[in-house]
Amino acid sequence: GHKTIDELVRADEGLVSRSIFVDDDIFQQELRQVFSRAWLFVGHESLVPKPDDYFVSRMGTESVILTRDRQGLIQVMLNSCAHRGMKLCRYDHGNNRTFTCPYHGWSFSTDGKLVERPGELVGVPGHATHYKGELDKKQWGLKTVAQVVNYKGAVFATWDADAPPFEDYLGNMRLYLDAALDHRDGSPGGSEVIGGVQKWRVKCNWKFAPENFIGDLYHDISHRSVDIVGIGPGGGKGRRDASVSRSAICFPELGHGLLGRLPFYEEGPYAPQYARYPEVEAYFRQIHEQRERTLGSAMRVQTSVGTIFPNMSFHGRQPRTLAVFHPISATEMEMWRMYLVDKDAPEAVKEAMRHYFLRYSGPGGMTESDDMENWTGATEASMGAMSRELYFNYQMGVGHAQPVPEIPGCAVNGEYTEENARIYYRRWAQFMNGLSWEQLMAGAVRLEERAA
Ligand code: FES
């Protein structure tokens, strides 16, 4: 018979059934229980800088339109015509005042001057004649998300009207996400995505990626070749974070986690790493000093890589990246990478970063190819009738997590541990079991509560 979610995910024991990475029924359940409810990353505001700009994104398996309306607000709508479902936007991005369906020509608008709510139906060919004026246009707008937030340039949305505000969902993980989004001086809006969005498909279950980014330092061995050939940020040997001591930090009640530095560590002087690019070196040195001046002790958290439950990950240290892992089927995902730079950085810095991203991350990048091989191989070797009955082992460091007193809701479990993966799958199981938001948020605490 079918196992229950609690039988499949025994997080406290460090056991997770392989079937949750390959099973079609579980996948359909995920789309309903996780992707229809959780806050999902849909893009960055710099992808739609001007009014009427749009960027076609995804939420779960569904295509959505991320657009900036004429009032400057970000809107997210299902990319599917209300009449017979045709995809409205067939380009990846562009600029449109109204969205007109190619099938029968219905058109929809986000202009607050024309419509009461974004995505309203404004044009129906033959409305007066074929429909005898009887079609109620107000009833047949595009489905819009229940909530959307522009969090320091990163756009998150949810289909669930009952979901808590994004900042509560994020909890104190925001200290670490902030380091990526408003790296320079803590003020939002200073970053942009360069070079477009890299998108590619991988024949693996989508959860392998966020699990890897949430704190799998153990897989470092996979990237040994990268250390040898020399494609690091500075163009030389070694990887970007190899010199930084990291801890596996997690937010057990929320399912988020990262590799990074605990708060209030001593940042120390700028460590040179761009010897081959003097302009980049000078720029990052200046940013470092600026951060020290404006942020003071607040800068003293640092993210190497981290994951926001369920499917968004990021690099918080320069050079910064954002990633999202879209489910396609139980055994395939579409991976998107975006590369963040300071908007007003010198062109030479942006160019050096673009080259670095290409050789290091993305489908042609060396670290990513290493990971893709592992995730594809693990998915493939777990699909069989025999192998899917087995459990993966996540037992490293069970029982060794310690709270981090400075950050309520935060725990640390050394450097090499599978704690972060355990809390991620525990969270996944809570969503899959259909817990109410009240239950899901019962243990959440915020930084402000420390004083109380
Ligand atoms: Fe869009 Fe008919 S499907 S107008």
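Remarks
- Heavy-atom surface of region 53-92, accessible at 1.4 Å and reported per residue (Å²): 41
- Neighbourhood net charge (10 Å Cβ-Cβ; Lys/Arg +1, Asp/Glu -1) for S63: +2
- Each residue of region 193-198 was assigned a 3J(HN,Hα) from its phi angle through the Karplus curve 6.51 cos²θ - 1.76 cosθ + 1.60 (θ = phi - 60°); the sequence is 7, 10, x, x, 10, 8 Hz, with glycine and proline shown as x.
- Segment S387-E373, extension gain: residue separation times 0.36 nm, minus the distance between their alpha carbons: 3.2 nm
- Residue-span extension gain [T61 to E134] - 0.36 nm each, minus C-alpha spacing: 22.9 nm
- The string of couplings for region 79-94 from the Karplus curve (6.51, -1.76, 1.60, θ = phi - 60°) is 8, 8, 4, 6, 6, 9, x, 4, 5, 6, 9, 10, 9, 6, 6, x Hz, one whole number per residue in order, with x for Gly and Pro.
- M366 - accessible surface, heavy atoms, 1.4 Å probe, Å² rounded to 10: 60
- Largest to smallest principal axis extent of the C-alpha atoms in region 61-208, angstrom: 58, 38, 31
- Farthest positive-ward along region 372-452 dipole, Cα basis, beta-carbon charges - from G397, N433, G414: N433
- FRET E, pair K199, E347, Förster distance 35 Å, beta-carbon r, rounded to 0.05: 0.90
- Per-pair calculated FRET efficiency, R0 = 35 Å: S436 and D220 via Cβ, rounded to 0.05: 0.35
- Given +1 at the Cβ of Lys and Arg, -1 at the Cβ of Asp and Glu and no other charges, the dipole of region 57-146 around its Cα centre is 80 debye to the nearest 20.
- At a probe radius of 1.4 angstrom, the accessible area of region 93-150 per residue rounds to 59 square angstrom.
- Region 136-153 - phi-based ³J(HN,Hα) in whole Hz, Karplus 6.51/-1.76/1.60, Gly and Pro as x: 7, 4, 4, 7, 10, x, 6, 5, 10, 5, 6, 8, 9, 9, 9, 9, 6, x
- Rounded to 5, percent antiparallel among DSSP beta bridges of the chain: 100
- Value of D in µm² per second that Stokes-Einstein yields for the chain, Kirkwood Rh from Cα pairs, at 25 °C (0.890 mPa s): 106
- Within region 1-99, the ratio Rg/Rh, alpha carbon atoms throughout and Rh by Kirkwood, equals 1.14.
- If R0 is 22 Å, the Cβ-Cβ spacing of L73 and T98 corresponds to a FRET efficiency of close to 0.85.
- Largest to smallest in accessible area, the residues T98, T158, T294 fall in the order T294, T98, T158 (1.4 Å probe, all protein chains included).
- Calculated [θ] (222 nm, deg cm²/dmol) that DSSP helices of n ≥ 4 give over the chain, each run adding -39,500 (n - 2.57): -6500 deg cm²/dmol
- Where only alpha carbons of region 326-452 are counted, the Rg and the Dmax (Å): 19.9, 56
- Think of the chain as a dipole: +1 on every Lys or Arg Cβ, -1 on every Asp or Glu Cβ, centred on the Cα centre; then among Q29, F41, G141, G141 lies furthest on the positive end.
- Additional length obtainable on full extension of the chain from R117 to D12, 0.36 nm per residue less Cα span: 33.2 nm
- Distance cut-off 17 Å, percentage of C-alpha pairs in region 392-434 lying past it: 39
- The calculated P(r) of region 329-404, using every Cα pair and 5 Å bins from 0, goes 3, 11, 14, 13, 12, 12, 14, 10, 6, 3, 1, 0 in percent.
- Think of each Lys and Arg Cβ as +1 and each Asp and Glu Cβ as -1; about the Cα centre, that makes the dipole of the chain roughly 1020 debye.
- Relative contact order (%) - criterion: Cα under 8 Å, at least six apart; region: the chain: 21
The values are calculated or read from the model by the stated rules, or taken from the named source; none is laboratory data. The structure displayed is predicted, hence computed values, not measured ones. Ideal geometry is used to build each Cβ from the backbone, glycine not excepted, and the neighbour counts take in all protein chains shown. Side chains are part of the model used for accessible areas, which takes the heavy atoms of the whole protein and leaves out ligands, DNA and RNA. Shrake-Rupley method; radii C 1.70, N 1.55, O 1.52, S 1.80 Å.
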